[in-house]
Amino acid sequence: VKVIDVRSKKEWEEGHLHDAIHVTLGNLFEQLDYIPKDFPIVLQCRTGLRSAIAASILQRAGIKEVVNLKGGFLAWKEEGLPYTTCNLNV
């Protein structure tokens with residue numbers, strides 16, 4: 001599974017899932033060639049709204065194994081799940 005975080009650079013720097021790939025929603029279409037197609041993809045943003053849009057874009061581009069992380073990064077943090085900030089694991 002590959003996680004793609006579609007939040008802004010500032011949001012990314014405040015914390016992100018370990019091993020996530022950062023591609024902002026605004027740059028997603030032009031980065032399609034670099035999106036791994038041989039793994040299932042989990043898309044994530046702050047609350048799940050932008051990542052739902054990103055999921056739609058990837059599915060229309062022919063990438064079938066795509067899911068949206070329900071509740072986004074905020075829900076992840078609220079559950080006390082691990083994440084990384086500035087190369088430090090939290």
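Regarding region 56-66, can at least one residue be identified that is part of a loop (DSSP other than H, G, I, E, B) and under 11 Å from the mean Cα position of the chain (by Cα)? Checked region 56-66: no residue is part of a loop (DSSP other than H, G, I, E, B) and under 11 Å from the mean Cα position of the chain (by Cα). Scanning region 26-49 for residues that are crowded, with 17+ Cβ neighbours inside 10 Å and part of a helix (DSSP H, G or I) turns up nothing. Among the residues of region 1-15, none qualifies, meaning not one is outside any strand (DSSP E or B), among the hydroxyl-bearing types (Ser, Thr, Tyr) and at pLDDT below 95.
Residues of region 39-61 that are farther than 14 Å from Val6 by Cα and touching a helix residue (DSSP H, G or I) at 6+ places or on another chain (Cβ under 9 Å): Ala61 alone. The residues of region 50-90 that are modelled with pLDDT under 95, aliphatic (A, V, I, L, M) and over 22 Å from Ile35 (Cα atoms), listed by number, are Leu88, Val90. Looking only at region 67-90, residues that are assigned to a loop (DSSP other than H, G, I, E, B), of a type in the set (A, V, I, L, M, F, W, C) and surrounded by 14 or more Cβ atoms within 10 Å (Cβ to Cβ) come to 1 in all.
Could you tell me whether any residue of region 11-20 is under 23 Å from Gly80 (Cβ atoms) and in contact with a helix residue (DSSP H, G or I) (Cβ under 6 Å, 6 or more places away or on another chain)? No, there is no match, as no residue in region 11-20 is under 23 Å from Gly80 (Cβ atoms) and in contact with a helix residue (DSSP H, G or I) (Cβ under 6 Å, 6 or more places away or on another chain).
The values are calculated or read from the model by the stated rules, or taken from the named source; none is laboratory data. Quantities reported herein were computed from a predicted structural model and do not represent experimental measurements. With ideal geometry, Cβ positions are generated from the backbone for all residues, glycine too; neighbour counts draw on all protein chains shown.
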